Amino acid sequence: MKFKIGEISRLSGFSTSGIRFFEEAGVISPARGKNEKYREFSLEDLQRLLICRKFRECGFSLEESVDLLKNADAQELKRHIQKQAICVKRNLAEKLALLEHLNQQIADIDQMEKGTCCEIIQMPALYWLKLWQPGDRDEDLIPFSHVYEWIERGPFTNSCLLLSPDDLLTGKGELATRWGTAIDEKYVKILGFDPQVEPQFFPSTDAVRILISPTDYLTIPSEQLEEVREFLKKMKLEVTGHAFSRIFYSTISKDHLVRYDYLWIPIRKP
């Protein structure tokens with residue numbers, strides 16, 4: 001039985017250009033028809049293409065599929081499959097982490113829509129990297145390559161501003177923050193993230209969480225903290241360190257970018 005290139009393309013699932021790739025790689029050898037105008041493909045050509053399709057569906061590249069079919073013995077094939085299984089397992093873990101992250105965002109938005117009331121919640125352990133900001137020394141500027149590796153881990157990394165305990169409790173006006181980026185410890189482990197610049201680690205702790213909206217200059221208006229200050233005083237909670245303002249949602253309103261953060265305040269219960 002013979003097939004034309006359009007037929008073999010539909011049966012194998014490869015495009016005509018993909019089929020030509022396998023032909024040039026020596027995987028298949030179509031014959032010329034009687035009029036020498038069209039190439040004709042055999043059942044064996046189709047079988048070879050279907051085997052390569054199986055390799056592709058397992059995550060191997062076109063080149064790897066050719067090499068596995070033409071050159072790999074059973075043990076070599078096993079080694080390649082074991083390596084690919086590790087990659088699939090890692091990708092699966094990352095996808096599950098992304099699902100968890102998305103579900104958390106849904107929960108955070110639901111909480112935001114309920115209002116800005118304070119809540120006591122467990123703050124996850126996180127790693128924080130200080131970023132350069134106006135007023136810092138030029139020699140403190142982190143090379144872009146070191147920052148980019150954090151950007152590459154998005155959406156698990158996000159902007160995270162640090163607010164001092166004194167400013168949190170008694171500051172007036174626009175409160176300055178320290179600029180940085182953060183990632184939860186659990187995602188560091190899942191992603192196998194090993195940054196070049198050692199970040200600062202903050203362990204998990206009890207915290208008060210409240211919704212705020214930093215300014216364009218990444219300051220925090222003190223009036224947005226009045227509710228949480230009253231809550232801390234009423235509940236007799238001791239602030240144990242810097243507060244973390246982590247972005248989770250932003251939108252454009254009247255041609256202006258508005259940022260919403262959850263401010264996490266580490267506390268010690270009485």
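The values are calculated or read from the model by the stated rules, or taken from the named source; none is laboratory data. A quick note: this is a predicted structure, and the numbers were derived from the prediction, not measured. Note that each Cβ is placed from the backbone with ideal geometry, even for glycine, and that neighbours are counted across all protein chains shown. The accessibility values were calculated without ligands, DNA or RNA, using every heavy atom of the protein model including side chains. Shrake-Rupley method; radii C 1.70, N 1.55, O 1.52, S 1.80 Å.
Is it the case that some residue within the stretch 123-141 is of a type in the set (S, T, N, Q) and in contact (Cβ under 8 Å) with a residue 12 or more places away in the chain? Yes, some residue in the stretch 123-141 is of a type in the set (S, T, N, Q) and in contact (Cβ under 8 Å) with a residue 12 or more places away in the chain. The residue of the stretch 94-120 that is farthest from residue 156 (Cα to Cα), among those that are among the β-branched types (Val, Ile, Thr) and out of contact with any Asp or Glu (no Cβ under 8 Å at 6 or more places or on another chain), is 109.
When we screen 148, 127 for residues that are within 25 Å of residue 205 (Cβ to Cβ) and aromatic (Phe, Trp, Tyr), the only hit is 127.
Residue 224 meets the conditions (1) assigned to a strand (DSSP E or B); (2) buried (at least 16 other Cβ atoms within 10 Å of the Cβ); (3) of a type in the set (S, T, N, Q) in every case but one. The failed one is (1). Among the residues of the stretch 129-142, those that are within 27 Å of the chain's Cα centre (by Cα) and at pLDDT 90 or above comprise 129, 130, 131, 132, 133. The set of residues in the stretch 195-216 being modelled with pLDDT of 95 or more, open to solvent by 30 Å² or more (accessible area, probe 1.4 Å) and of a type outside the set (S, T, N, Q) consists of 201, 202, 203, 206. Of all residues in the stretch 43-58, one or more are in contact (Cβ under 8 Å) with a residue 12 or more places away in the chain, surrounded by 11 or more Cβ atoms within 10 Å (Cβ to Cβ) and closer than 30 Å to residue 189 by Cβ. When 269, 233 are screened for being at pLDDT 95 or above and open to solvent by 40 Å² or more (accessible area, probe 1.4 Å), only 233 passes.
Scanning the stretch 59-83 for residues that are exposed (fewer than 15 other Cβ atoms within 10 Å of the Cβ), small (Gly, Ala, Ser) and more than 16 Å from residue 24 (Cβ to Cβ) gives 59, 74.
Residue-level check: of (1) modelled with pLDDT of 95 or more; (2) surrounded by fewer than 13 Cβ atoms within 10 Å (Cβ to Cβ), residue 181 misses just (2).
Does at least one position in the stretch 17-27 carry a residue that is exposed (fewer than 13 other Cβ atoms within 10 Å of the Cβ), over 27 Å from residue 84 (Cα atoms), of a type in the set (S, T, N, Q) and at pLDDT below 95? Within the stretch 17-27, none of the residues are exposed (fewer than 13 other Cβ atoms within 10 Å of the Cβ), over 27 Å from residue 84 (Cα atoms), of a type in the set (S, T, N, Q) and at pLDDT below 95. Working only within the stretch 95-148, note down all residues that are more than 19 Å from residue 249 (Cα to Cα), outside any loop (DSSP other than H, G, I, E, B), open to solvent by less than 80 Å² (accessible area, probe 1.4 Å) and among the charged types (D, E, K, R). Residues satisfying the conditions are 130, 140. Filtered by the rule that a residue be under 16 Å from residue 230 (Cβ atoms) and open to solvent by 10 Å² or more (accessible area, probe 1.4 Å), the stretch 160-170 gives 169, 170.
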